[in-house]
1. Which condition number in (1) among the hydrophobic types (A, V, I, L, M, F, W, C); (2) within 14 Å of chain B (Cβ to nearest Cβ); (3) within 25 Å of the chain's Cα centre (by Cα) is the one that A:VAL440 fails?
2. Is there a residue being at pLDDT 95 or above and more than 23 Å from the chain's Cα centre (by Cα) anywhere in the range A:224-241?
3. Count, please, the residues in the range B:11-25 that happen to be more than 12 Å from the chain's Cα centre (by Cα) and either surrounded by fewer than 19 Cβ atoms within 10 Å (Cβ to Cβ) or among the small types (Gly, Ala, Ser) (or both).
4. Checking the conditions here, which among A:GLU113, A:GLU160, A:GLU143 is assigned to a loop (DSSP other than H, G, I, E, B), modelled with pLDDT of 90 or more and either touching a Pro at 6+ places or on another chain (Cβ under 9 Å) or within 28 Å of A:GLY243 (Cα to Cα) (or both)?
5. Sort through A:LEU392, A:LEU368 and tell me the only one that's in contact with a His (Cβ under 8 Å, 6 or more places away or on another chain) and touching a residue at least 40 places away in the same chain (Cβ under 8 Å).
6. Please specify each residue of the range B:169-199 satisfying the condition of being within 14 Å of chain A (Cβ to nearest Cβ) and surrounded by 13 or more Cβ atoms within 10 Å (Cβ to Cβ).
7. Six or more apart or on different chains, Cβ atoms under 6 Å: show the pairs whose first residue is in the range A:189-211 and part of a helix (DSSP H, G or I) and whose second is surrounded by fewer than 22 Cβ atoms within 10 Å (Cβ to Cβ) and not β-branched (Val, Ile, Thr).
8. Cβ-Cβ distance below 7 Å, separation of 6 or more or different chains: which pairs start in the range A:402-416 with a residue that is at pLDDT 90 or above and end on one that is hydroxyl-bearing (Ser, Thr, Tyr)?
Amino acid sequence: MSEASLVPGRKALPPLPGVAPDPSLIWTIPGLREDPTMCLRCRSAQLLCGKPVCPLLIRYNALGKTLPMLGQKDWDGSTPPGIFVGRIGYPYVNVGPLLAPEHGDTLLYDTPESWVGRPLQEIVGYRSSLVRGVAPVKVTEAESGGKLVEELQLVSIAEESAETEAHFRRPPRIRLELSDEAPPFGASAPLEDFEVEVRKVDARLEKATGDLHATARVGVTELYDKDVSVTRIQRAFSAGVLGRRGHRKFVPTRWSITAVDDLLSKENLERVRQLPELSEFQLYTMKALGDRWFLLLLPGYWRYESIEAWYPGTLWNPTGEQVAMLGDWEGNQGRTTYAGMGGCYYAARLAASEHLERIQRQAGVVVLRETHPDQVMPLGVWNVREHVRAGLQGTPEKLATFEDVFRRISCFFEIPVGRWLRQSHWLRDWKHQRRLDDFV
Amino acid sequence: MPMFRARVRMEILRELVGVVSTLVPEMKLMVSKEGVEVKAVDPSHVAMLVAKLKKDAFEEFQGDATEIGLDLEKVREVLALARPGDVLDLTYDAGKGKLVVSVGKLSRVMSVVDPAGISQPKVPSVNPTAKVVLKIDELRQGIRGSESISDHVTLSLDQDTFTLHSEGENDQVNLKIGKEALTLLDAKEPVKSMYPLDFFSNMVKSITSADEVTMALGTQYPLKLDFTLAGGRGDAQFLLAPRVEDTD
C-alpha cells in the first residue's frame, strides 16, 4: 500500500527555481542521487545509506554544538513533567526525566497540544532546552521498581511541573536528536542520582495506574474518554504504569506515541463506521510551520489516506532536486501492516477520527501535506496531530464536484495537481472507479 | 417464534463465510423453508454478492422465514475448531437472540447482530452482452501474475479469445485463452472493461469448490461472476463495477 516515487517521473528534472541544491550531500550520502526518497524513508532509523551514523544528523549535531555548553554536573530545575524512554538496544533502554533549565511552571515545554500557533523557534527552543537525564534499565523493570523507576513513574502521572534535583556522572552534552516521531530534544547526561518532589498527581492517571486488571488498551481508552490529553496518556503508557499486572513495561517514547495514536483512532473508528455517510466534499486548509495542509472529506464511507510531500531542501529530502512524496492508505476495515510513512499516518488518522465523531458523519478522509524548506527542523508527530486537529476546527468549504476539488488542489499547492492525483489512491479511485449505483 | 435448525458440512459453511467476507464483516442470513440466502454490498458500492444454499446443501434443514445477523469473525472462529469433513450443528434461538453452533462435543453460543443494522443492497439489473465460462485455475493464474505489477486488470472477450491483461509502469501480464480451451465463449462483438484487482482477486480466491466460473461482461460495464456452491446445491453471483481510465 505504500508508494514512494520521484516527481514527476523517472528522469531527474532541473532544480526548482529558488532552491539551491547541496551537491556535498549527494556525494556524502551514497545512493541518494539514485533514490532521492532514501533519506525520507530512513529518517536516520535504518541507515539505508550504509554509513555508520546518519550524515544528516551529523550536520545538525554540528549546529547543536554551537549552542552554549552546560558545564555542570549538578542540576536543579523543574520537570514539565516529562520523561524519555529510548529505543536503542531494546529491551535494554535508556530512561530518564526531562529537566527544564528553570524553576516553577514549565508545563508548556512538554505539552505539544499548546504549541499550535507559536513560532517555530519557540517550539524548537522548548524541547532543545530540556536536558535528558539517562539511566539504563530493562523495560520489564517498569514493574520491579527501584528508586529511579518509581520516581520516573511518579513524574509520568504528575499533574503539574515538579521541582527536581539531579546529579550527573558528567556534564550534559548537547546532541540534537531529529526524529519525526518525537519532538526535538536537547542535551543529555548519565544520571547518577535523581530526586523529585511531585506535589500533585493527575487523579485520573493515578486511578488508571492502580488498576492492575485492565489491559493497557483499556487503560488508554478510558483515559481518553475522560479527556486526558494524548500527551499525558502517551507519557503514562511509555512509563509502563498502565496495563495488567505482569504485563507492564517501559515503551520507547517514539513507539508509544504511535501506539497510542493507532489504538485511540481504531477505537474511534469503530463508532465512526456506524455513522451516516457524508454526502458532499468538504475541504479544510491550513498553513503552519512550513507545512500546507489540505484536509479533504470525501462523500461516502470511512476510508483514509495520508500523503506527505517534502520540498527540495527540507530535512528528509536534502538533495534539492526533486520533491519526494510518500503516502499510505487504508480501506473501510483499516490496515493490517504498519504504514511505511510512519507515525504521522496514525497521528493524522486520530485527528480525522475525532473530527468525524464530532460532526457525526462517516466520510473518506484524505490528508495532503506539502512541506516547504522553511521548516528547518523536523518537529515530531505532534505537529501532524495538532495541526490536523486545528485545521479541522475551521469552517469547511463545501465543494460540489470532483472538478472543484481538482481546481482547489491546483491553487493550493506548488506541486502540480496531476502529481498528487497519481500518488493518491483514493483520489484516483474517485476519478476512475465506478459504483454499481451508476448502473441502476 | 421462527425457528432455524440445520446441520451442515464445515466446508460448505466455510466457503459461504469466505465468499461473503470478501465484501463485509457481518452478514444477514435470510432463512426460508427452501434454504438460506445472503446479499451483501461492500461499503463503497463497488462490489455486490448474492449467494444461496438450497436446503439439500445441508445434511438436515428446518427453517421458518427469519433473518439472522452474524459476525463472520465469530463464525470463522468456530470453523477453525472443526476438522475437514466435520458436520456443524446450527440452532437459532430467536427468543434469546443466540445462535448455537456445535461441532463434535463443543458448542459455542453466539450472540447475533441486529439484522436491521446490516445494509441490504438493491441489486441492479445488469445485463452484460458477452459471456465466457472457464476453468477457475486458469483465472487464478492470471490474477497471481497481475498482483505484483498493478492494482487493476482488464478483461476482454472477442469471438475467439478471452484475455486478462494487466499493466504496470514497466511490465505487463497477458493471459490469453482461445475458444477451444474455453467451456463456452459467446461474444457477438468485442467487449473490454477494467476492474479493481483487489476485489476481483479476493472474489476469485474465495471460491473453493467450483471448478468453473461464468463471467459476463460488457464495455466499461459491471462484471457478473457466477459460480456454484456446495457442488451445485447452491449458487452465488458477484457483481463488480468497472474502472474507467481516461487519457489525461
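1. Only one criterion is unmet by A:VAL440, namely (3).
2. So in the range A:224-241, the residues at pLDDT 95 or above come out as A:224-241.
Pick out the ones that are also more than 23 Å from the chain's Cα centre (by Cα) and you get none.
There is no residue in the range A:224-241 that is at pLDDT 95 or above and more than 23 Å from the chain's Cα centre (by Cα).
3. Final tally of qualifying residues: 2.
4. Numbers: A:GLU113 fails: assigned to a loop (DSSP other than H, G, I, E, B); A:GLU143 fails: assigned to a loop (DSSP other than H, G, I, E, B).
Testing whether each residue is assigned to a loop (DSSP other than H, G, I, E, B), modelled with pLDDT of 90 or more and either touching a Pro at 6+ places or on another chain (Cβ under 9 Å) or within 28 Å of A:GLY243 (Cα to Cα) (or both) leaves just A:GLU160.
5. Working: A:LEU368 fails: in contact with a His (Cβ under 8 Å, 6 or more places away or on another chain).
After applying the criteria, what remains is A:LEU392.
6. Answer for the range B:169-199, where residues must be within 14 Å of chain A (Cβ to nearest Cβ) and surrounded by 13 or more Cβ atoms within 10 Å (Cβ to Cβ): B:SER193, B:MET194, B:TYR195, B:PRO196, B:LEU197, B:ASP198, B:PHE199.
7. Every condition considered, the pairs that remain are A:ARG204/A:LYS226.
8. A:PHE412/A:THR285
The values are calculated or read from the model by the stated rules, or taken from the named source; none is laboratory data. Bear in mind the structure is a predicted one, so any value in this text is a computation, not a measurement. Note that we place each Cβ from the backbone using ideal geometry, even for glycine, and neighbour counts take in every protein chain shown.
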